[in-house]
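Colleague: Shown below is the structure under consideration.
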Amino acid sequence: MKALVYGLARSGRSAAERLDDPVLVDRSLGNEGDLSLLDGVEVLVKSPGVPGEAPLVTAAHERGIPVWSEIELGYRLLPEAKFVGVTGTNGKTTTTELLGAIFRAAGRDVAVAGNVGTPLTSVRSADWVVCELSSFQLEDVHELACDVAALLNLEPDHVDRHGSFEAYRDAKLRIFERSRVQIVPRGLGLPGIEFSAEDELPAEPLIRGAHNRENAAAATAAARAAGISDEHIAAALLSFPGVPHRLELVGERDGVRYVNDSKATNVPAALRALAAYADEPVHLILGGSPKGEDFAPLAAAIGPNVKSVHLIGEEAARIGQLIDGYRDGDLETAVAHASRLARPGDVVLLSPACASYDQFENFEQRGEAFRAFVTS
């Protein structure tokens, strides 16, 4: 099968390694506009960062060439594995990694992959795969069938890419196509096994925040559906420390704690972070590159415990129209300014509510920069 791999970031490179002599297309190669590359191609494997309206993708559809996400290819390369899929606007990585810990506590042969950073096509064998699935990845699945499929929540996000909340929602809900068991939030009216933050759990999770209790409830429901006992679920809940860049305590200086929530790339995620620290004095760092977010709910949630707000990046001006804050411009300046204002017992919280692409390559790089500014 002659394949074209479009996008050579992490998942694209992994996909290319699993295919025989694929045609490679990437911005760095300067060949994105060469439609002749589709000649003789039987399938186009698209990285999640490549928009569906890209000329090569549009031309592939017009020629009847199937367009697969890297997830679709990885799924087809693991015909014997059972899949637990996890999607949602927020909490995907935490829930996926927590499920991996639960499966390991139960002695299951499990791989954790997908949007968490490990490409699915890099998994060569596993009895179970716990796979984080973004809307970008779900756009181009065809045969993916999850044994257990979990939707954590559904709030406006990536409207800049999908064009509307409805299109974003439809992409997310594709996780349930061909799924055997559906795990859904209570109150959305979707069929399946419901969960909520109020559920009784086998143990109280180690990770902080009401939103993480909700993530733990979803993971518990999914693990039970996969046949894992409450004893093993409890062991993981009591020991799982959370994931990097999500309410991650990266340092403490002079009694001031520094919390890296760089993964909060939208308003709902930042709201969850504010709720987690609602009883503590907070110096909040906001801003980054635009995603079409409405910052009004964030402005409404800024309580008296927020002692200062520090605005950075391209969205600083727009956020500043609703939220009174210092226009610090860049992250290093914001960290230094917040540190000068903070007192013992305070929290300096990076929870940007924005993407990172104006000043960083991704949210991970932004979080590591925050860590470096704190510890230097």
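Colleague: Rounded to the nearest 20 debye, what is the charge dipole size of region 1-146 about its Cα centre when +1 sits on each Lys and Arg Cβ and -1 on each Asp and Glu Cβ?
Modeller: That gives a dipole near 480 debye.
Colleague: Right, next: P(r) tail for region 40-155, what percent of Cα pairs lie past 22 Å?
Modeller: When every Cα pair of region 40-155 is considered, 34 percent fall beyond 22 Å.
Colleague: Hey, what angle do you get for helix 92-105 against the long axis of the chain, alpha-carbon based, 0 to 90 degrees rounded to 10?
Modeller: Computed tilt is about 80 degrees.
Colleague: Ok, one more. Return the calculated 222 nm mean residue ellipticity for the chain, to the nearest 500 deg cm²/dmol, obtained by summing -39500 (n - 2.57) across DSSP H runs with n ≥ 4 and dividing by the residue count.
Modeller: -9500 deg cm²/dmol
Colleague: With both partners inside the chain, how many of the DSSP beta bridges are antiparallel, as a percent to the nearest 5?
Modeller: If I count the DSSP bridges inside the chain, around 10 percent turn out antiparallel.
Colleague: Ok, one more. Long-range amide H contacts for Glu32: which residues qualify at under 5 Å (H placed 1.01 Å from N, peptide plane, sequence gap of 5 or more or a different chain)?
Modeller: Amide H to amide H, under 5 Å and 5 or more residues apart or across chains, Glu32 pairs with Asp26.
Colleague: Dipole size in debye (nearest 20) for the chain around its Cα centre, Lys and Arg Cβ +1, Asp and Glu Cβ -1?
Modeller: I would put it at about 460 debye.
Colleague: With a bin width of 10 angstrom, please list the P(r) values of region 1-102 as percents of all Cα-Cα pairs, from the 0 bin to the one holding the largest distance.
Modeller: In order of increasing distance, the bins hold 14, 42, 28, 14, 2 percent.
Colleague: Return the carbon/sulfur percentage of the accessible area of the chain, one whole number, probe 1.4 Å, all protein chains in place.
Modeller: Using a 1.4 Å probe with all protein chains present, the chain comes out at 49 percent carbon and sulfur.
Colleague: Shifting gears a bit: Collect residues whose amide H, placed 1.01 Å from N in the peptide plane, falls under 5 Å from the amide H of Lys82; neighbours closer than 5 in sequence don't count.
Modeller: Trp128, Val129
Colleague: Angle check, please: helix 331-341 long axis (alpha carbons) against the longest principal axis of the chain (alpha carbons), in degrees 0 to 90, nearest 10.
Modeller: Helix 331-341 sits at roughly 20 degrees to that axis.
Colleague: Right, next: I'd like the Karplus ³J(HN,Hα) series for region 224-237: coefficients 6.51, -1.76, 1.60, θ = phi - 60°, whole numbers in Hz, and an x wherever there's a Gly or Pro.
Modeller: Running phi through 6.51 cos²θ - 1.76 cosθ + 1.60 with θ = phi - 60° gives 4, 5, 8, x, 8, 6, 4, 4, 6, 4, 4, 4, 6, 4 Hz.
Colleague: Please return the longest range in the chain lying between exposed loop sites, taking trypsin sites (Lys or Arg not before Pro), DSSP loop only, at most 16 other beta-carbon atoms within 10 Å, and leaving the sites out.
Modeller: 209-376
Colleague: With charges set only on the Cβ (+1 for Lys and Arg, -1 for Asp and Glu), what does the dipole of region 261-319 come to about its Cα centre, in debye to the nearest 20?
Modeller: 40 debye
Colleague: Please list, ordered by chain and number, the residues whose modelled amide H lies under 5 Å from the amide H of Asp328; skip anything fewer than 5 residues away on the same chain.
Modeller: Long-range HN contacts for Asp328: Leu311.
Colleague: Toward the positive end of the charge dipole of region 261-368, about the Cα centre and with charges on Cβ (Lys, Arg +1; Asp, Glu -1), which of Pro304, Ala338, Cys354 goes farthest?
Modeller: Working it through, the farthest residue towards the positive pole turns out to be Pro304.
Colleague: Aspartates and glutamates near Lys82 by alpha-carbon distance under 17 Å, same-chain residues fewer than 8 away left out - which ones?
Modeller: Cross-link targets: Glu72, Glu97, Asp109, Asp127, Glu132, Glu143, Asp147, Glu177.
Colleague: Efficiency by 1/(1 + (r/R0)^6): what FRET value for Thr333 and Met1, r their Cβ-Cβ distance, R0 = 41 Å, to the nearest 0.05?
Modeller: About 0.20, to the nearest 0.05.
Colleague: For all pairs of alpha-carbon atoms in the chain, what percent lies in each bin of width 10 Å, listed from the first bin to the last filled one?
Modeller: The percentages, shortest bin first, are 5, 23, 30, 26, 14, 2, 0.
Colleague: Rounded to whole Å and sorted largest first, what semi-axes of the equivalent ellipsoid does the C-alpha gyration tensor of region 228-376 yield via the square root of 5 times each eigenvalue?
Modeller: 25, 18, 16
The values are calculated or read from the model by the stated rules, or taken from the named source; none is laboratory data. This structure is a prediction, so every number in the text was calculated from the model and none was measured. Positions of Cβ are generated from backbone atoms using ideal geometry, with glycine treated the same way; all protein chains shown enter the neighbour counts. What goes into the accessible areas is simple: the full protein's heavy atoms, side chains included, and nothing from ligands, DNA or RNA. Shrake-Rupley method; radii C 1.70, N 1.55, O 1.52, S 1.80 Å.
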